[in-house]
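Structure record follows, encoded as structure tokens.
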Amino acid sequence: MGVTADRRTVGHPGVGRVLVVIPTYNEADNVDRIVARVREAAPAVDVLVADDNSPDGTGAIADGLAGADPQVHVLHRPGKEGLGAAYLAGFAWARQRGYDAVVEMDADGSHAPEDLPALLDAARDADMVIGSRWTRGARVLNWPLRRLLLSRAGNLYARLALGVPVSDATGGYRVYRAAALDAIDLASVRSQGYAFQVELSRLAHRAGVRMVEVPITFAEREHGDSKMSPLIVAEALWRITTWGLRDRRAAARRPDALARWP
Ligand SMILES: Nc1nc2c(ncn2[C@@H]2O[C@H](COP(=O)(O)OP(=O)(O)OP(=O)(O)O)[C@@H](O)[C@H]2O)c(=O)[nH]1
Ligand SMILES: [Mg+2]
């Protein structure tokens with residue numbers, strides 16, 4: 001039995017079998033680079049590219065990678081349904097195949113695969129790990145001021161409105177162990193864009209999932225186009241506000257409300 005086979009059986013020590021889910025929409029310039037970097041940085045973990053039938057042929061490139069490497073897989077989805085739907089499909093794929101942990105990672109290189117071993121190490125003592133841009137030791141490279149401000153303001157608002165005790169509730173570089181996915185009611189999730197990350201943070205916090213944050217080095221995408229849009233920001237704003245109001249109304253109805261909030 002070779003080294004690769006041994007590592008595949010072992011997965012990540014203390015965590016188990018790990019699947020990195022990479023959602024893609026028009027990432028033809030990025031998908032091969034990111035998959036190669038993951039395989040290099042964490043050879044014992046498997047990769048699933050969840051492609052929404054990208055018109056630029058990302059899915060076919062991913063098929064080529066999967067054909068050459070048994071640890072790379074592709075989930076072809078019929079059309080663009082948003083990041084949230086692609087992740088939910090990826091989580092279900094992982095759970096059906098008995099993976100012990102699922103990683104969320106963007107395809108555009110913003111989430112460095114080289115940080116993955118540190119995230120997985122942290123998952124030994126937590127059920128959910130958030131790779132944070134806003135915790136001590138983190139770095140954000142080449143982001144324009146307006147994106148920095150948007151992220152800081154979004155996180156501040158999410159923390160105040162929802163009481164989720166994390167510095168980067170909108171971040172999309174995460175590890176969920178099976179226990180965390182089981183604790184969250186994934187069938188109730190409706191968010192598509194950044195709101196998806198905030199929604200899962202909120203649901204995990206409410207379910208008592210053990211969360212930790214690990215500092216990451218986040219870099220602006222170098223190739224391909226952003227899918228960020230005013231619509232995605234508006235969705236996050238609207239949903240966070242709705243959840244915040246709902247949580248406050250529910251808290252006010254409970255006799256021990258003050259002790260629990262936030
Ligand atoms: N499958 C799928 N993936 C998507 C969809 N929208 C975005 N993605 C992927 O989700 C990840 C994050 O999207 P980005 O466009 O990088 O969003 P962002 O990081 O906010 O924007 P940038 O600043 O441009 O990086 C990337 O891997 C995208 O390809 C979608 O509708 N379906
Ligand atoms: Mg990006």
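The values are calculated or read from the model by the stated rules, or taken from the named source; none is laboratory data. Note that the structure is a prediction, hence the values are computed from the model and not measured. Cβ coordinates were reconstructed from backbone atoms using ideal geometry, including for glycine residues, and neighbour counts include every protein chain displayed. Ligands, DNA and RNA are stripped out before the accessible areas are found, and what is left, the full protein with its side chains, is counted by its heavy atoms. Shrake-Rupley method; radii C 1.70, N 1.55, O 1.52, S 1.80 Å.
Structure values in brief
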{"read-out": "Within the chain, longest stretch free of exposed GluC sites (Glu not before Pro) [DSSP loop, at most 14 other beta carbons within 10 Å]", "value": "1-219"}
{"read-out": "Residue with peak Gaussian network fluctuation, the chain [Cα springs, cutoff 10 Å], from GLY82, GLY171, GLY137", "value": "GLY137"}
{"read-out": "The chain: antiparallel DSSP beta bridges as a percent of all, rounded to 5", "value": "30"}
{"read-out": "By average C-beta atoms within 10 angstrom, highest first, the peptides 59-65, 236-242, 173-179, 139-145", "value": "173-179, 59-65, 236-242, 139-145"}
{"read-out": "1.4 Å probe accessible area per residue over the range 138-262, in Å²", "value": "54"}
{"read-out": "Interchain or long-range residues, amide H under 5 Å from GLY131's placed H", "value": "TYR173, ARG174, VAL175, VAL214"}
{"read-out": "Residue-normalised accessible area of the range 2-85, expressed per residue, 1.4 Å probe, Å²", "value": "42"}
{"read-out": "The chain - percent of accessible surface contributed by carbon and sulfur, probe 1.4 Å", "value": "55"}
{"read-out": "Mean separation of Cα contacts under 8 Å, 6 or more apart, over the residue count of the range 72-191: relative contact order %", "value": "37"}
{"read-out": "Nonlocal amide H pairs with VAL49, under 5 Å, H built at 1.01 Å", "value": "ILE22, HIS73, VAL74, LEU75"}
{"read-out": "222 nm mean residue ellipticity, helices alone, for the chain (DSSP H n ≥ 4; -39,500 (n - 2.57); rounded to 500)", "value": "-13500 deg cm²/dmol"}
{"read-out": "Percent RCO, i.e. relative contact order, over the range 134-206, from Cα pairs under 8 Å lying at least 6 residues apart", "value": "30"}
